[in-house]
Amino acid sequence: MTPLSLEWTSGMTPEQKENFELVLRNNSLIVERLHNILDQWEKELNKSEFTIKDFSDPNWAQKQAFRNGDRSRIRKVKDLFTL
């Protein structure tokens, strides 16, 4: 069993940590659905990134930075829900 990220239980008592972990691990349907949603968001992000017309936009670098930030946040949430 993969240990939970410490972010989940930071500031909780040992009893709260144990109860929270049980609740989270027993809700695999929600966790799986969230992974599916995050995968879809990532696919949409990847598709939007490869249009040649983006390069003609003078704000291309800012758009790319925004996409990179989105991708980073998606990965962090995925990691958080990797049980």
* Asked: If we keep just the residues of the range 1-19 that are closer than 15 Å to THR82 by Cα and surrounded by 14 or more Cβ atoms within 10 Å (Cβ to Cβ), which is farthest from the chain's Cα centre (by Cα)?
  -> THR9
* To do: Would you please name the residue that is surrounded by the fewest Cβ atoms within 10 Å (Cβ to Cβ), looking only at residues in the range 61-83 that are within 15 Å of ASN36 (Cα to Cα) and modelled with pLDDT under 90?
  => THR82
* **Total residues in the range 13-53, condition among the charged types (D, E, K, R), more than 21 Å from PHE66 (Cα to Cα) and free of Cβ contacts under 8 Å to residues at least 40 places away in the same chain** => 6
* To do: May I ask you to list the residues in the range 29-56 that are more than 16 Å from the chain's Cα centre (by Cα) and either closer than 19 Å to SER5 by Cβ or surrounded by 12 or more Cβ atoms within 10 Å (Cβ to Cβ) (or both)?
  => SER48, GLU49, ASP54
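The values are calculated or read from the model by the stated rules, or taken from the named source; none is laboratory data. Here the structure is a predicted model, which means the values were calculated and not measured. Reconstructed Cβ throughout: ideal geometry from the backbone, glycine too, with neighbour counts over all protein chains shown.
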